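Engineer: Sharing a structure with you now.
The values are calculated or read from the model by the stated rules, or taken from the named source; none is laboratory data. Bear in mind the structure is a predicted one, so any value in this text is a computation, not a measurement. Glycine also receives a Cβ, built like all others from the backbone with ideal geometry; neighbour counts cover every protein chain displayed. The protein model used for the area step is the full one, side chains on, heavy atoms only, and it has no ligands, DNA or RNA in it. Shrake-Rupley method; radii C 1.70, N 1.55, O 1.52, S 1.80 Å.
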Amino acid sequence: MMTKIKNLLVALTLIILPIPMTAQDKLFTLEDLNFGGTNYHNMQPKNMWLTWWGDQLIQTDVEECHTIDAKTGKKTLLFTLDDINKWADSDEEDNRYVRHLMNATFPYPDKPLVQLGNRKAVILVDFKQKKVVWQDSISGQTANDWNAQSRATAYVEDHQLFVVDGEGKKHKLSTDGSREIVYGQSVHRNEFGIEKGTFWSPDGQRLAFYRMDQSMVADYPQVDIFPREATYEPDKYPMAGMTSHKVTVGVYDLTTNKTIYLQAGDPTDRYFTNIAWSPDSKTVYMFELNRDQNDCRLVSYNAETGERIAELYRETSPKYVEPLNPILFLPWDDTKFLMQSQRDGYNHLYLYNKDGECLRQLTSGPWVVMEVIGFNKHQKSVIIKANREHPLYHGLYSVNMTGKMQRLDTTDGVHSATLSPSGNYLIDRFSTPTKPRMIDVVDLTKKVQHTNLLEADDPWQGYQQPIFESGTIKAADGQTDLYYRLVKPHDFDPSKKYPTVVYVYGGPHANNVQASWHWASRTWETYMAQKGYILFILDNRGSQYRGRDFEQATFRQLGQIEMQDQMKGVNYLRSLPYVDMNRLGVHGWSFGGFMTISLMTNYPNVFKVGVAGGPVIDWKWYEVMYGERYMDTPQTNPDGYEKTSLINKADRLKGKLQIITGYNDNTVVPQHCLSFLDACIKAGTQPDFFAYPGEEHNMRGHASVHLHERITQYFEDYLK
């Protein structure tokens, strides 16, 4: 398999030749390439919107829903948008009026019911009886969390948490909610895999929810400049080493209309995450982590009384433990569950019984389980996504409870999947470096069978397309393979010298190079290649999907190991005769902005031009959870914070540097950029600065087009 992979890399690197320019070759604009552009949607590969009704595949579209035969791909009309609105007896002013069918879902595998909605209401339509059989009763509110079993909805209104039961009765769960006491929403600043704040039990009769007291957290003074007189809009922002919020977990019981809180003890300097329920809805499980994030425990609680039952698992580390996934009970055996852990060096699956006894490690090897997609009840297996074949491939696998694995996809590339409720079928969406999008239906009932539903054409046909390549170099340790992407102009001439831009992110929970279309190239790279630049992108140590030690190599010294690896990439560029090392630039956003300024100030004679977006300047101004995981606190790691701070490197700046930020960035707060500017003033160095009023950490909508034109123009002005 590795020989096959190497041959693929070599073939795509060496055999893809420039296509001669013709009169039909068109040039890209940012309106074509940027997600905020007016023509962006026309430049995307053809797609299909698919979902499951039990084991029946459904295509949802704007005005029609079709069933699809999973074996033949044959489509049959199920209903239309006009049908739905006719059955709902609604017009455009009615709460029941549905504007499209794209988000239609089928929550009951054995019932002909489709869930639809708009901004005003959610309805259930029986498409066999052709009538609305249920409508929620919270018109005008956003339904945060609807449960199909009880048809109850949990939502937040005016800071208070409410539940509306299936009969439409409204229950108020809180009275003291405010911007300081937050109910039913994501906590711990969305770290530890947390994406929401309410969690229904399997029977829909109990709701676990977060309560976050952040009254003790300092306000960061954000300002809204758009009113006639600018207004103060403070944001609770706990910085590394400072006081953090306190979280507790409540459980509301629909049958008794009572709320209890889990008796987890003092919540000070603790994190509660990955909440899960037992199949019988009587027990709540969650991972509990200390503030140092090096001691993680899985604990069970009685959902009726809140009493602590048992500690089922404990994992410690000299660096950090990062729980990201809740436990998952086996659908065919409610006495056993799966847990994910990196304890052997790679994220893998472990089978436990409900008493906390590890029965076996299900997956193992120098690769990572990226996602648990679901279960196949009949075959008693779990379906996962993993990079077992190669670090750049995301493949699909079935794993039985003895650990035997079966590959489910047939094409090397990047796959994602949606499993039917029974686990008998899955929708496989994937791309390869040369194919933009394919969709298969996979039948797992007997021998694995694939039915192709879509193979999208290249939407960039007729345009001048760059040359996309991928390869490896050794990290600064001389042993570890690092993967890169190289993007060249479509008319690349190896006898010429080209200005080159290193695009960098480099931080945790991200990687830039994958075996998807164009090796996962960002479309801005295409725009730059069209203007005559070479783009180089390298995933250094510290990035994701390469295992615990690869990720944790940067512990307590963010940016240092990463820079060493990036400079190995620069050495590789230096070996290429067509790279003009006198015209070398660097650009990145967020952690990549931090890396951009780090590289420009630590290697001031290497990089001529840089553009740093939303850059971290000093980790003491970053948030508690992320900052302390990787750096500890400023009090316990003063040398690390001093070493990684860019404030004391402002005097080293030589090249042209533009710093860009969202004026209301609530992730990397403006204090970072402004403090660096102040340091540059004192040092006599001259960076450029641009802010986007009203924008947060990433530019939204058409502002993103403006942003990327600005980034491009800076390189055009000073590098080319």
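Engineer: Residue 256 is checked against (1) part of a loop (DSSP other than H, G, I, E, B); (2) open to solvent by less than 20 Å² (accessible area, probe 1.4 Å); (3) β-branched (Val, Ile, Thr) and fails just one. What number does that condition carry?
Structural biologist: Against the list (1) part of a loop (DSSP other than H, G, I, E, B); (2) open to solvent by less than 20 Å² (accessible area, probe 1.4 Å); (3) β-branched (Val, Ile, Thr), residue 256 comes up short only on (2).
Engineer: I need the full set of residues from segment 646-663 which are more than 26 Å from residue 582 (Cα to Cα) and open to solvent by less than 30 Å² (accessible area, probe 1.4 Å), in order please.
Structural biologist: Hits for segment 646-663 are 661, 662.
Engineer: What residue, of 683, 691, is within 18 Å of residue 594 (Cα to Cα) and surrounded by fewer than 17 Cβ atoms within 10 Å (Cβ to Cβ)? Step through it out loud before you land on a result.
Structural biologist: On the way: 683 fails: within 18 Å of residue 594 (Cα to Cα).
Answer to the selection: 691.
Engineer: Based on what the data block shows, is residue 701 small (Gly, Ala, Ser) and within 24 Å of residue 619 (Cα to Cα)?
Structural biologist: On the way: small (Gly, Ala, Ser): yes; within 24 Å of residue 619 (Cα to Cα): no.
It is false that residue 701 is small (Gly, Ala, Ser) and within 24 Å of residue 619 (Cα to Cα).
Engineer: Could you please find all residues in segment 504-557 being assigned to a loop (DSSP other than H, G, I, E, B), under 27 Å from residue 492 (Cβ atoms) and of a type in the set (Val, Ile, Thr)? Don't jump to the end; show me each part of the working.
Structural biologist: We begin by selecting, within segment 504-557, every residue assigned to a loop (DSSP other than H, G, I, E, B); these are 504-516, 521-522, 531-533, 539-547, 553-557.
Of the ones still in play, those that are also under 27 Å from residue 492 (Cβ atoms) are 504-506, 511-516, 521-522, 531-533, 539-540.
504, 513 - these are the residues of segment 504-557 that are assigned to a loop (DSSP other than H, G, I, E, B), under 27 Å from residue 492 (Cβ atoms) and of a type in the set (Val, Ile, Thr).
Engineer: Now a separate question. When you scan segment 374-389, how many residues do you find that are in contact with a Gly (Cβ under 9 Å, 6 or more places away or on another chain), farther than 23 Å from residue 550 by Cβ, of a type outside the set (S, T, N, Q) and open to solvent by 10 Å² or more (accessible area, probe 1.4 Å)?
Structural biologist: Counting residues in segment 374-389 that are in contact with a Gly (Cβ under 9 Å, 6 or more places away or on another chain), farther than 23 Å from residue 550 by Cβ, of a type outside the set (S, T, N, Q) and open to solvent by 10 Å² or more (accessible area, probe 1.4 Å) gives 4.
Engineer: Has segment 674-687 got at least one residue that is farther than 21 Å from residue 240 by Cα, assigned to a loop (DSSP other than H, G, I, E, B) and among the small types (Gly, Ala, Ser)?
Structural biologist: Checked against the condition, which is being farther than 21 Å from residue 240 by Cα, assigned to a loop (DSSP other than H, G, I, E, B) and among the small types (Gly, Ala, Ser), segment 674-687 yields at least one hit.
Engineer: Could I ask something else about it? Got a sec? Which of 314, 297 is touching an Asp or Glu at 6+ places or on another chain (Cβ under 6 Å) and either surrounded by fewer than 22 Cβ atoms within 10 Å (Cβ to Cβ) or in a loop (DSSP other than H, G, I, E, B) (or both)? Lay out the reasoning, then the answer.
Structural biologist: On the way: 314 fails: touching an Asp or Glu at 6+ places or on another chain (Cβ under 6 Å).
Being touching an Asp or Glu at 6+ places or on another chain (Cβ under 6 Å) and either surrounded by fewer than 22 Cβ atoms within 10 Å (Cβ to Cβ) or in a loop (DSSP other than H, G, I, E, B) (or both) holds for just one of 314, 297, which is 297.
Engineer: Just one of (1) assigned to a loop (DSSP other than H, G, I, E, B); (2) free of Cβ contacts under 8 Å to residues at least 60 places away in the same chain trips up residue 669, so point out which.
Structural biologist: (2)
Engineer: Report the residue count in segment 35-58 for those that are in a strand (DSSP E or B) and open to solvent by less than 20 Å² (accessible area, probe 1.4 Å). Outline the logic, then answer.
Structural biologist: Of all residues in segment 35-58, those in a strand (DSSP E or B) come to 50-53, 56-58.
Next cut, open to solvent by less than 20 Å² (accessible area, probe 1.4 Å) only: 52, 57-58.
Total satisfying the criteria: 3.
Engineer: List the number of the failed condition for residue 522; all other conditions in (1) more than 21 Å from the chain's Cα centre (by Cα); (2) open to solvent by 30 Å² or more (accessible area, probe 1.4 Å) hold.
Structural biologist: All conditions pass for residue 522, except number (1).
Engineer: Moving to a separate point now. Within segment 404-455, which residues are small (Gly, Ala, Ser), under 25 Å from the mean Cα position of the chain (by Cα) and either part of a strand (DSSP E or B) or surrounded by fewer than 19 Cβ atoms within 10 Å (Cβ to Cβ) (or both)?
Structural biologist: First, the residues of segment 404-455 that are small (Gly, Ala, Ser): 413, 416-417, 420, 422-423, 431.
So of that shortlist, the ones also under 25 Å from the mean Cα position of the chain (by Cα) come out as 413, 416-417, 420, 423, 431.
Once the filter is applied, which keeps residues that are small (Gly, Ala, Ser), under 25 Å from the mean Cα position of the chain (by Cα) and either part of a strand (DSSP E or B) or surrounded by fewer than 19 Cβ atoms within 10 Å (Cβ to Cβ) (or both), segment 404-455 yields 416, 417, 431.
Engineer: Out of the residues in segment 390-401 meeting the condition of being open to solvent by 20 Å² or more (accessible area, probe 1.4 Å) and touching a residue at least 24 places away in the same chain (Cβ under 8 Å), tell me which one is farthest from residue 370 (Cα to Cα).
Structural biologist: Residues of segment 390-401 open to solvent by 20 Å² or more (accessible area, probe 1.4 Å): 391, 400-401.
If we keep only those that are touching a residue at least 24 places away in the same chain (Cβ under 8 Å) too, we end up with 391, 401.
Details: 391: 11, 401: 18 Å.
It comes out as 401.
Engineer: OK, next. Given the criteria at pLDDT 95 or above and not in a strand (DSSP E or B), does residue 137 qualify? Show your work before the answer.
Structural biologist: Values: at pLDDT 95 or above: no; not in a strand (DSSP E or B): yes.
Criteria not met by residue 137.
Engineer: For segment 535-585, enumerate the residues that are of a type in the set (Gly, Ala, Ser) and over 19 Å from the mean Cα position of the chain (by Cα). Lay out the reasoning, then the answer.
Structural biologist: To start, the set of residues in segment 535-585 that are of a type in the set (Gly, Ala, Ser) comprises 542-543, 547, 553, 559, 569, 575, 585.
Of everything in segment 535-585, those that are of a type in the set (Gly, Ala, Ser) and over 19 Å from the mean Cα position of the chain (by Cα) turn out to be 553, 559, 569, 575, 585.
Engineer: Residues being assigned to a strand (DSSP E or B) and either open to solvent by 10 Å² or more (accessible area, probe 1.4 Å) or over 19 Å from residue 677 (Cβ atoms) (or both): count how many of those fall in segment 589-623.
Structural biologist: 2
Engineer: Among the residues that make up segment 613-620, is at least one of them touching a residue at least 40 places away in the same chain (Cβ under 8 Å), in contact with a strand residue (DSSP E or B) (Cβ under 8 Å, 6 or more places away or on another chain) and closer than 21 Å to residue 634 by Cα?
Structural biologist: Of all residues in segment 613-620, those touching a residue at least 40 places away in the same chain (Cβ under 8 Å) come to 613-620.
Within this subset, residues satisfying the condition of being in contact with a strand residue (DSSP E or B) (Cβ under 8 Å, 6 or more places away or on another chain) are 613-615, 620.
If we keep only those that are closer than 21 Å to residue 634 by Cα too, we end up with 615, 620.
Yes, segment 613-620 contains at least one residue that is touching a residue at least 40 places away in the same chain (Cβ under 8 Å), in contact with a strand residue (DSSP E or B) (Cβ under 8 Å, 6 or more places away or on another chain) and closer than 21 Å to residue 634 by Cα.
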